[in-house]
Amino acid sequence: MSFNTDELEAPEWVNSNFLKEVLEYNGDLKNVTINDYQISPATTIGDHFASIMFRANITFSTQGHPSKKRSIIVKTLPVVEGFKKDVLSKTEVDLFGTEIFMYSKVLGPCANILKSAGYNDLLAAKMIYQSTEPHKVIVFEDLKELGYFMFPRIIPNESDAALVFSKLGQYHAATFILAAQGHKGLNRKGGIFNIGDMDNMNFFRDGISYFKELVESLPGLEEASEKLQKISFHKIAKKCKQTVNAPGSFDVLNHGDYHIKNMMFKDKNGMDVSEVILVDFQLCHWGSPAFDLAYISAVLPSAIRARSYRHYFDTFIDVLEKSDYKGSLPAFDQLQNDLKSHRPLDLFFLATFTAFICADKKEITEQIETFFKDPSRYKAFYRQPKYMSYVKELLPVLLQEGVLDDLINFE
C-alpha cells in the first residue's frame with residue numbers, strides 16, 4: 001500500500017506528552033501514563049490533500065487500569081517545506097478553523113436534531129481534541145475501530161446513491177433547522193470556488209484544456225467541441241463562483257467537498273454498504289444545497305440522478321417534519337430550479353474532478369501534490385474508458401439544455 005510521503009513520519013511534537021494531553025483532554029481519563037505507542041499513516045495516496053493524517057495506536061495505563069489500548073487519528077497541517085505546505089498557507093479559507101467550528105459547534109447539535117427525528121446512525125466522527133496553538137491539530141476517534149472503511153467501488157450504484165443522498169439530506173436538513181433556530185456562524189463561504197484565485201489553479205485550468213482536447217477527438221461531439229472552444233477557463237470558473245455564492249431558493253450549510261472519498265462506510269455482507277459517516281468538514285459553504293448535489297453527482301450515472309435528487313429531498317423534508325421545526329417547508333420545485341441554475345458546475349466537475357475520481361485507485365501512484373505541480377501527469381486519466389463514457393453520456397445533455405450557450409454568452 002502506498003502512502004503520502006509527508007505522512008511517513010509524524011511531526012516530532014506527536015509524542016508521548018502530546019498523546020497524554022489528548023487522552024486527558026475531555027476529562028474522561030485522568031493521570032494517564034503512556035506505556036507505548038505506534039504512529040503510522042492514516043490514509044493512502046489519492047485520499048486527500050489539505051492536511052496530513054496519522055493513526056496512533058496507544059497502550060496506556062490509568063489509576064486502577066494497568067493496560068488499556070486506544071487508536072486515534074491525528075490531523076494537522078503539513079510540516080515538510082514544499083509545494084503542499086506553500087499552497088495551503090495561501091488559501092483564503094481557514095480550513096482548520098472551519099473544521100474545528102464544525103466539530104465543536106455544529107455537528108453535535110445536528111446529530112441531536114437527527115436523533116430527535118429518528119435518524120440514529122452516526123453523522124460524523126467524534127472529535128476528542130483540538131488546538132490551534134502551538135500547532136493546528138484535531139484528533140478524532142478512529143472510525144476503522146468502529147468498523148468503517150473507505151468506499152469499496154469507484155462508481156456508486158443505485159443502492160449506494162440512495163444511502164449517500166439520504167445522508168446528505170439528513171445533514172442539510174439539520175443545518176437548515178439550526179439556521180431557523182438562530183445558530184450563529186453558519187454563514188460561511190467555502191468550497192473550491194472560494195479558496196483562492198481560480199486563474200492560478202493549474203490543476204483545474206489545465207484539466208479544462210485536456211477535456212476540450214478529448215471532446216474534439218470524440219466522434220459525434222463536434223457541435224459541443226466547437227462551443228467549448230469559445231468558453232475560457234476564466235469564464236467557466238467565474239460563472240461557477242457567482243452561482244455558488246448567490247442565495248439559493250433555500251440555503252443550507254453545504255459540506256463543500258462532498259465526494260465519495262470524504263465518507264466512510266459500513267456494510268451488510270462485505271459488498272452492500274449499509275451505513276455512511278461523513279468526514280472532512282474544512283470547506284463548508286452556506287448556500288443552495290444544489291452545490292453539494294452537483295459535486296457528488298460528478299461520478300453519478302445520469303440514469304439515477306433524478307431519483308437520487310428526489311430521495312435526497314424526501315429525506316430532507318422527513319427530517320423537518322419529524323423534528324420540532326415550525327417554519328414553512330421548501331418545495332421540490334425550488335430544488336429543481338437551483339439544480340438547473342447550477343448546471344455550469346456539472347460541466348466544470350465533468351471536465352476536472354470526474355476524470356480523477358473515476359481513476360482506479362491502483363492507477364494513482366503519484367503524490368497528489370505532483371498532479372497540482374505538473375497537471376500533465378494526470379492527462380492520461382482523460383483517456384480512461386469509464387471517463388470517456390461519462391463524457392459521451394453527459395456532455396450532449398448539457399449541450400441540449402443550453403449550458404454551453406449560456407456560458408458562451410456569459411460576461
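For Val276, all conditions in the list (1) modelled with pLDDT under 95; (2) within 12 Å of Ser166 (Cα to Cα) hold save one; what is the number of the exception?
Only one criterion is unmet by Val276, namely (1).
Which condition number in (1) over 19 Å from Gln282 (Cα atoms); (2) in contact with a helix residue (DSSP H, G or I) (Cβ under 6 Å, 6 or more places away or on another chain); (3) buried (at least 20 other Cβ atoms within 10 Å of the Cβ) is the one that Phe151 fails?
The number of the failed condition is (3).
Whether any residue in region 156-172 is more than 16 Å from Phe101 (Cβ to Cβ), assigned to a strand (DSSP E or B) and not β-branched (Val, Ile, Thr) is what I want to check.
No, because not a single residue in region 156-172 is more than 16 Å from Phe101 (Cβ to Cβ), assigned to a strand (DSSP E or B) and not β-branched (Val, Ile, Thr).
For region 186-200, which positions are assigned to a loop (DSSP other than H, G, I, E, B) and without any contact (Cβ under 8 Å) to a residue 60 or more places away in the chain?
Selection gives Asp197 alone.
State which residue is surrounded by the most Cβ atoms within 10 Å (Cβ to Cβ) when the search covers only region 218-236 and only residues that are over 26 Å from Asp197 (Cβ atoms) and of a type in the set (A, V, I, L, M, F, W, C).
Only one residue tops the list, namely Ala224.
Would you check if there is a residue in region 262-277 being assigned to a helix (DSSP H, G or I) and not aromatic (Phe, Trp, Tyr)?
yes
Looking only at residues that are in contact with a strand residue (DSSP E or B) (Cβ under 6 Å, 6 or more places away or on another chain) and not in a loop (DSSP other than H, G, I, E, B) in region 245-261, which one is nearest to Asp346 (Cα to Cα)?
Asn254
Take Gly191 and tell me if it is assigned by TED's automatic domain parsing to the domain that holds Asn262, among the small types (Gly, Ala, Ser) and either within 16 Å of Val276 (Cβ to Cβ) or touching a strand residue (DSSP E or B) at 6+ places or on another chain (Cβ under 7 Å) (or both).
Details: assigned by TED's automatic domain parsing to the domain that holds Asn262: yes; among the small types (Gly, Ala, Ser): yes; either within 16 Å of Val276 (Cβ to Cβ) or touching a strand residue (DSSP E or B) at 6+ places or on another chain (Cβ under 7 Å) (or both): yes.
Answer is yes for this residue.
So which residues in region 278-307 are in contact (Cβ under 8 Å) with a residue 60 or more places away in the chain and part of a loop (DSSP other than H, G, I, E, B), if there are any at all?
Val279, Asp280, Phe281, Gln282, Leu283, Cys284, Pro289, Leu300, Pro301 - these are the residues of region 278-307 that are in contact (Cβ under 8 Å) with a residue 60 or more places away in the chain and part of a loop (DSSP other than H, G, I, E, B).
Kindly evaluate Gly185 against the criterion of being in the same structural domain as Leu399 (by TED's automatic domain parsing), on the phi > 0 side of the Ramachandran plot and not basic (Lys, Arg).
yes
Are any of the residues in region 106-128 modelled with pLDDT of 95 or more, closer than 22 Å to Ile195 by Cα and either outside the structural domain of Gly27 (by TED's automatic domain parsing) or among the acidic types (Asp, Glu) (or both)?
Yes, some residue in region 106-128 is modelled with pLDDT of 95 or more, closer than 22 Å to Ile195 by Cα and either outside the structural domain of Gly27 (by TED's automatic domain parsing) or among the acidic types (Asp, Glu) (or both).
Conditions first: (1) within 22 Å of Glu99 (Cβ to Cβ); (2) of a type in the set (A, V, I, L, M); (3) at pLDDT 95 or above. Ala10 passes all but one, so which condition is the exception?
(3)
Taking region 329-360, which residues are among the polar types (S, T, N, Q) and either at pLDDT 95 or above or surrounded by fewer than 16 Cβ atoms within 10 Å (Cβ to Cβ) (or both)?
Gln334, Gln336, Asn337, Ser341
Quick check, is Val215 surrounded by 16 or more Cβ atoms within 10 Å (Cβ to Cβ) and either under 30 Å from Ala331 (Cα atoms) or touching a His at 6+ places or on another chain (Cβ under 6 Å) (or both)?
Numbers: surrounded by 16 or more Cβ atoms within 10 Å (Cβ to Cβ): yes; either under 30 Å from Ala331 (Cα atoms) or touching a His at 6+ places or on another chain (Cβ under 6 Å) (or both): no.
Taking the combined requirement at face value, the residue does not satisfy it.
Could you list, in sequence order, the residues of region 141-154 that are assigned to a helix (DSSP H, G or I) and over 20 Å from the mean Cα position of the chain (by Cα)?
Kept after step one, since they are assigned to a helix (DSSP H, G or I), are these residues of region 141-154: 143-146.
Across region 141-154, the qualifying residues are Glu145, Leu146.
Before we move on, is His183 more than 22 Å from the chain's Cα centre (by Cα) and either among the polar types (S, T, N, Q) or assigned to a loop (DSSP other than H, G, I, E, B) (or both)? Explain how you work it out, then say what you get.
Working: more than 22 Å from the chain's Cα centre (by Cα): yes; either among the polar types (S, T, N, Q) or assigned to a loop (DSSP other than H, G, I, E, B) (or both): yes.
Criteria met by His183.
Take the residues in region 247-286 that are in contact with a helix residue (DSSP H, G or I) (Cβ under 8 Å, 6 or more places away or on another chain) and at positive phi, then tell me which one is surrounded by the most Cβ atoms within 10 Å (Cβ to Cβ).
Restricting to residues being in contact with a helix residue (DSSP H, G or I) (Cβ under 8 Å, 6 or more places away or on another chain) and at positive phi, the top hit is Gly256.
When the residues of region 112-140 are narrowed to those that are assigned to a helix (DSSP H, G or I) and free of Cβ contacts under 8 Å to residues at least 60 places away in the same chain, which ends up farthest from Ala10 (Cα to Cα)?
Out of the qualifying residues, it is Lys115.
Output yes when any residue across region 361-381 is part of a loop (DSSP other than H, G, I, E, B), touching a Cys at 6+ places or on another chain (Cβ under 9 Å) and either modelled with pLDDT of 65 or more or within 19 Å of Arg153 (Cβ to Cβ) (or both), and no when none is.
No, that holds for no residue.
What are the residues in region 164-175 that are over 16 Å from Tyr295 (Cα atoms) and either surrounded by fewer than 22 Cβ atoms within 10 Å (Cβ to Cβ) or not aliphatic (A, V, I, L, M) (or both), if any? It would help to see each step written out before you state the result.
First, pick out the residues of region 164-175 that are over 16 Å from Tyr295 (Cα atoms): 170, 173-175.
Result: Gln170, Thr175.
The values are calculated or read from the model by the stated rules, or taken from the named source; none is laboratory data. Just so we're clear, the structure is a prediction, and the values are computed from it rather than from any experiment. So basically every Cβ, Gly included, is an ideal-geometry build from the backbone, and we count neighbours across all protein chains shown.
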